[in-house]
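Have a look at the structure below, then the notes.
The values are calculated or read from the model by the stated rules, or taken from the named source; none is laboratory data. This structure is a prediction, so every number in the text was calculated from the model and none was measured.
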Amino acid sequence: MPSVVEPLSLDDEELRIVQNCAAVLPPRLRSAFLADFAQEMKTHPEHGAGLVSRVARAVAQRLQAQNAVSGRGSASTSTSARASAEALFRRQPSPSVG
């Protein structure tokens, strides 16, 4: 039975950063990117756009390097793995000003 995954809460700016980093990756690496990114972010009790950016870039670069070394790599993920990765993220609304 899969374990329950606690969603990672990101504000709009942080979500844009993650989406931009994922966009440069081949589609077959994106689920692995999201899962690795979320796992790394769970080690930081507090986060902001700077940390999200650093972690997302590092994870994307690591996956690209692994992919380059192994040719195409074995980063294809199953539907359940993709669903698990997507479940890690929950969009957090931006605070309203005014």
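Yes/no matrix, rows are residues, columns are (1) at pLDDT 95 or above; (2) within 30 Å of Ser70 (Cα to Cα):
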position	(1), (2)
Met1	no, no
Glu6	no, no
Ser9	no, no
Leu15	yes, yes
Val18	yes, yes
Cys21	yes, yes
Lys42	no, yes
Ala49	yes, no
Inset, instruction - Considering only the range 19-58, state which residues are in a helix (DSSP H, G or I), of a type in the set (A, V, I, L, M, F, W, C) and farther than 12 Å from Leu8 by Cα. - result: Cys21, Ala22, Ala23, Leu29, Ala32, Phe33, Ala49, Leu51, Val55, Ala56, Ala58
